[in-house]
Amino acid sequence: MEENEAVIFFVLVGALIMLSLALVVIFFVALHRKKYLVQQNDILRVRNESEQALLKAVIGTQEEERTRIGLNLHDSVGAELSMVKLNLSRYVQDKSLVFSVDHLKKEIENLENAIETIRGVVKDLYPKSLQIYGFITAFGGVVDRLDDSQTITARFNCTMPEAELGLDFPTKLDLYRICQEVLNNLIKYSACKNLMIDMLPEHNGVKIIFTHDGIEFLNADADNMILQNTGIGLKSIKNRTNLIKGKINYLRQNDNSVIEIFVPLKND
Amino acid sequence: MKVFYKIVELFSVLFAFLPVLFYFKLKIKTLSTPLKVLFCYLVFSLLNEIICFWLFSRTANSYMYNIFTFVEGLSIIVIYKHILDSEKSRFYFLPLIVFYSLCFAVAGFLGQLSKHNNFLITIETVIVIVLSITYFFRLINNVQIPKLTDYYLFWLNTSFLIYFCGSLFIFIFETFILYNHDKNVRNLWILHNIFNIVYNVLLAKSVFTWRKTKL
């Protein structure tokens, strides 16, 4: 009898415990899944938001560039062409004016200036040399032109062949624009006399290091300027770097200012 | 009280019809593999319930019961093989089926099939509980299912887990309970009948959910 009672007790308690455990498992799964789904939704939302921010930044950068090109055309080409038109119109309006070869030469010179400016803008819009010769030669050319200007002594060192860069054309184009903008900023604001640019292979990517003896400029300065919306060029550099999933750092090393740009390979 | 036990026993048999009824008008071809296997198992289970109910008062139904236990366990393992399908799972499902079949063969070899033994059912119960919990933990990180209650495998898994967890101790002491002279001990079987009713209701809910959401 005692054995029977023990079994009844054992079965009842055992069934109750096991049933409770089953319910706990089900409840735990439902609760944990709910949390997991909320977490996943949050991750998705943050990802969407950052993608949207990136898209906005890209569009913003494009708009800024368009504005800059428009301003360039308006201020230089527009003014030169207007001047040519004005000068030539004088001969049409006033028949008494004598048209001389010197005047014609002057107008041709003005037109040549306008053509040269347009060529410069077009070159800036689409660097054909980048497509034909690749990044190293195209950017090397830009650095050589800067060096030729004799305001800054600039050198570009790259021992890697173009084929080993492992970057596709859109990435190279973005990198070219980033480097152009960095050079632009250095010319305008750094007051440097010597500039050394090294391009090195890195683990799963490429690194470009700008070392100069100009004014110190650090990451915090760049962040502040971007936050205060005072550094359009800096913002453009940052947006483009984010777009190619790269990294940019403004540092101080051995009394020199350094700008490091890291570009990962496409498959990363 | 005796009437109450009889009613629960009768309901336990009648509720075996419920999940099968939910298959009404469903085309077998359109069903997912776990539902196809479940259908075969349910039909077999229904036949078993009817036959056992009919045979119970006339002759021993141990053979039928043991064969049913084997088919039930095998069907559930096959269902889990499909729903836990991954490269890893393929390695342990075949040994599991072989092990379970061996247990049945050993029980047959030892002449246990003619007796009401709790050896096979206990092994089956433990296997199903482990598989069911494994599937639940797999389900946690599955983001493809928007809502658990709209997913038929959630109900299917819940039915297996609740039924087998609740009945584990009854199955362990099954022989002791069913062949005991003490009426109070024999009445413990009503617990199994209650779990069986819940089991069939949840299985029916599973089929119904599939009909509704096709998830």
Which of the numbered conditions does B:Phe176 fail, given that it passes all the others? Conditions: (1) within 10 Å of another protein chain (Cβ to nearest Cβ); (2) of a type outside the set (Gly, Ala, Ser); (3) under 17 Å from B:Tyr5 (Cα atoms); (4) surrounded by fewer than 23 Cβ atoms within 10 Å (Cβ to Cβ). (3)
Report those helices (runs of 4 or more DSSP H) wholly inside the range B:155-215 carrying at least 3 residues which are under 14 Å from B:Ser45 (Cβ atoms). B:189-213
Within the range A:110-133, identify whether any single residue is free of Cβ contacts under 8 Å to residues at least 60 places away in the same chain, outside any helix (DSSP H, G or I) and not basic (Lys, Arg), and answer yes or no. yes
Name, by its number, the condition in (1) surrounded by fewer than 17 Cβ atoms within 10 Å (Cβ to Cβ); (2) facing chain A (nearest Cβ under 8 Å); (3) over 24 Å from B:Ser89 (Cβ atoms); (4) aromatic (Phe, Trp, Tyr) that does not hold for B:Phe137. (3)
Of (1) in contact with a Lys or Arg (Cβ under 8 Å, 6 or more places away or on another chain); (2) closer than 23 Å to A:Ile226 by Cβ, A:Arg66 satisfies all except one. Which? (1)
On the given criteria, is A:Arg68 away from chain B (no Cβ under 14 Å), surrounded by 12 or more Cβ atoms within 10 Å (Cβ to Cβ), of a type in the set (D, E, K, R) and without any contact (Cβ under 8 Å) to a residue 24 or more places away in the chain? yes
Might you let me know whether the range A:238-246 holds any residue that is of a type outside the set (Asp, Glu), over 14 Å from A:Thr61 (Cβ atoms) and either surrounded by 19 or more Cβ atoms within 10 Å (Cβ to Cβ) or out of contact with any helix residue (DSSP H, G or I) (no Cβ under 7 Å at 6 or more places or on another chain) (or both)? yes
Test A:Val24 against the criterion of being more than 26 Å from B:Thr158 (Cα to Cα) and either of a type outside the set (Val, Ile, Thr) or more than 9 Å from chain B (Cβ to nearest Cβ) (or both), and give yes or no. no
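Quick grid of which residues meet (1) closer than 30 Å to B:Ile140 by Cβ; (2) surrounded by fewer than 18 Cβ atoms within 10 Å (Cβ to Cβ); (3) among the aliphatic types (A, V, I, L, M); (4) at pLDDT below 85:
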{"site": "B:Phe22", "(1), (2), (3), (4)": "yes, no, no, no"}
{"site": "B:Glu49", "(1), (2), (3), (4)": "no, no, no, yes"}
{"site": "B:Ser57", "(1), (2), (3), (4)": "no, yes, no, yes"}
{"site": "B:Val71", "(1), (2), (3), (4)": "no, yes, yes, no"}
{"site": "B:Ile76", "(1), (2), (3), (4)": "yes, no, yes, no"}
{"site": "B:Pro95", "(1), (2), (3), (4)": "yes, yes, no, no"}
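Here is a yes/no grid of residues against (1) outside any loop (DSSP other than H, G, I, E, B); (2) among the small types (Gly, Ala, Ser); (3) over 30 Å from A:Gly246 (Cβ atoms):
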| position | (1), (2), (3) |
| --- | --- |
| A:Leu54 | yes, no, no |
| A:Arg66 | yes, no, no |
| A:Met83 | yes, no, yes |
| A:Ser89 | yes, yes, yes |
| A:Val98 | no, no, yes |
Could you tell me whether B:Thr30 is under 24 Å from B:Phe171 (Cα atoms) and polar (S, T, N, Q)? no
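The values are calculated or read from the model by the stated rules, or taken from the named source; none is laboratory data. Worth saying up front: this structure is predicted, and the values here are computed from it rather than measured. Here the Cβ is made from the backbone with ideal geometry for all residues, glycine too, and neighbour counts use every protein chain on show.
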